[in-house]
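The block underneath contains the structure these notes are about, expressed in structure tokens.
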Amino acid sequence: MVDGKLVALKSINSQTALKSLAFMMFAMFAMTTDSVGTVIPEIIKEFRLGLTAAGSFQYASMSGIGISAIALGFLADRIGRKITILAGLLLFGASSALFAAGHSLGLFTTLLFFAGLGIGIFKAGALALIGDISNSTRQHTTNMNLLEGFFGVGAIIGPAIVAWLVQSGLSWKWIYLIAAILCAMLIVLTAATRFPQPQLLDQARSVPGEAVRMARQPAALFFGLALMLYVGGEAAVYVWAPTYLSGGSGDLAWLALYAVSAFFMLRAVGRFLGAWLLGRYDWSTVLIVCTTAVALLFWVAVIGGPQAGIVALPATGIFMSVLYPTINSTGISCFEKSKHGAISGLLLFFTCLSAVLAPLGMAALGDGLGDTRYSIALGASMTTVLALLCFWNWARKPFAALLFERNAADYAGSGTDRALADMA
């Protein structure tokens, strides 16, 4: 009995250590990826670029993440979570550190692409790890909301650091050097931490091209489409809301300067709230409430103009906060744990694809019609379709049986407990 309690205690401590590692990883890379909007104005001034050329900082990193996610996500299943995470961190850290030696736009975009490759590799490994240390599909969703909550914290800290660097007369490149230092610390911690050893058969593990084959399955298509629609709505806020709101007037016009910051802060707070909420209510019900609220706020911003959008668009953050981690974790939970690396990579690919295409589509629409209101309207349309998709999911429950099967086979009282006991 005593030995059993000691094993259980060690398992809990191991879970805490592994979660903490994943949380720190997400906060670290969010500092760089979500600082792009603050870095781009400095790049424009330094290299005398147009908006499209300066946007290469966004496209380079997102392309790297997307390519590695769909092409290399299987590594987490094939060679193990720990080795995959270490490989990704090494690539990201080295690419970030080399910013110190760079002076050309071509080198910077190349480094961002390779940093993105590293993010895609270790992120797929970290997402698969979260599945390993979760004891149910519901706990998996809760853990993912906590994980994305720390991502939200990094998304707030990163732009703030860049703003401070610029105001202090220092180079914006320091944000990447700071990330490289944090990454070096994470590499040491990861190497020193014991990871669970899932009891998996070699023939059950993912192989190259696994993500592409998964893309034909209904669950992968549904959750991939849902993520693309979500990212489109999110991009409408953090990319185009500042331009749209700058045309406002009235007593609240000054809030336009802080709209995106308020959005990120509410999103970060909401993700910690979402972890509590999803521990008590069914995920499909939570999605209906939150997607409906987001869609309504978007249409308030479109119909009411910038004056209404100054309040409505930042407010979407509190409801958007729950959506990405819930959709992502539930999609991952529909597949065997031995395939979590591959499905994580596939869903991450859908996310990055939308992160590139949605802002471009909104830019083309706004330029073509001469008003950024139409860019926001496209975001409103995408969130409305997402709400309808979530309502269909709630009414029809197409994946309930699949989630129940995976919960019984891969979570409750099965491989996770044994793996953690073996690790302890």
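Coordinate-derived values only; no laboratory data. Predicted, not measured: the structure shown is a model, and the values here were computed from it. No Cβ is skipped: glycine too gets one built from the backbone with ideal geometry, and neighbour counts run over all protein chains shown.
Farthest toward the positive end of the dipole of the chain, out of Ile79, Gly368, Ile303, is the Cα of Ile79, where the dipole comes from beta carbon charges about the Cα centre. Summarising the label geometry, the points placed 7 Å from Cα in the beta-carbon direction at Val311 and Leu402 lie 4.1 nm from one another.
Helix 373-396 and the longest principal axis of the C-alpha atoms of the chain enclose an angle of approximately 30°. As a proxy for reagent exposure, Met28, Met265, Met382 were ordered by neighbouring Cβ count within 10 angstrom, fewest first; the result is Met265, Met382, Met28. Dividing the helix sum by the residues of the chain, where each DSSP H run of 4 or more adds -39500 (n - 2.57), gives a mean residue ellipticity at 222 nm of -26500 deg cm²/dmol.
Principal-axis analysis of the Cα atoms of the chain puts helix 340-369 at an angle of about 10° to the longest axis. Kindly express, to the nearest 10 degrees and within the range 0 to 90, the angle between helix 56-72's C-alpha long axis and the longest C-alpha principal axis of the chain. The answer is roughly 20 degrees.
Going by how many other beta carbons lie within 10 Å of each one, how would you line up Ile288, Ile157, Ile79, Ile130, fewest first?
Numbers: Ile288 17, Ile157 20, Ile79 14, Ile130 24.
Taking fewest neighbouring Cβ atoms as first place, the list is Ile79, Ile288, Ile157, Ile130.
Residues within the reach of a label modelled at Asp371 (point 7 angstrom out along Cα to beta-carbon, backbone nitrogen below 16 Å), restricted to the stretch 303-335, are 303-309. As a proxy for reagent exposure, ranking Tyr258, Tyr324 by other Cβ atoms within 10 Å from fewest up yields Tyr258, Tyr324. Only lysine pairs 8 or more places apart or on separate chains count here, and in the chain those with Cα atoms under 26 Å apart total 18. With the charge dipole of the chain set up from +1 on Lys and Arg Cβ and -1 on Asp and Glu Cβ about the Cα centre, the Cα lying farthest toward the positive end among the listed residues Phe92, Leu182, Leu403 is that of Leu403.
Computed over the alpha carbons of the chain, Rg followed by Dmax gives 21.1, 72 Å. Remark: the stretch 38-47, residue by residue, has Karplus-estimated 3J(HN,Hα) of 7, 6, 3, x, 6, 5, 4, 5, 5, 10 Hz, where x stands for each Gly or Pro and the curve is 6.51 cos²θ - 1.76 cosθ + 1.60 at θ = phi - 60°. Computed from backbone phi with θ = phi - 60° and the Karplus coefficients 6.51, -1.76 and 1.60, the 3J(HN,Hα) list for the stretch 295-304 is 4, 4, 5, 4, 5, 4, 5, 6, 6, x Hz; x is used for glycine and proline.
Extension gain, Leu360 to Val212: 0.36 nm times the residue separation minus the Cα-Cα distance gives 50.8 nm. Couplings for the stretch 78-90, taken from phi via the Karplus curve 6.51 cos²θ - 1.76 cosθ + 1.60 with θ = phi - 60°, read 8, 10, x, 5, 5, 5, 4, 4, 4, 4, x, 5, 4 Hz in order; Gly and Pro are left as x.
The charge dipole of the chain, taken about its Cα centre with unit charges on the Cβ of Lys, Arg, Asp and Glu (plus for the first two, minus for the last two), comes to roughly 580 debye. When the Cα positions of Ala17, Ser168, Leu273 are compared along the charge dipole of the chain, Ala17 comes out farthest toward the positive end, with charges on each C-beta of Lys, Arg, Asp and Glu.
Can you give the relative contact order of the chain as a percent, counting alpha carbon pairs under 8 Å and 6+ residues apart? After rounding, I find 27 percent.
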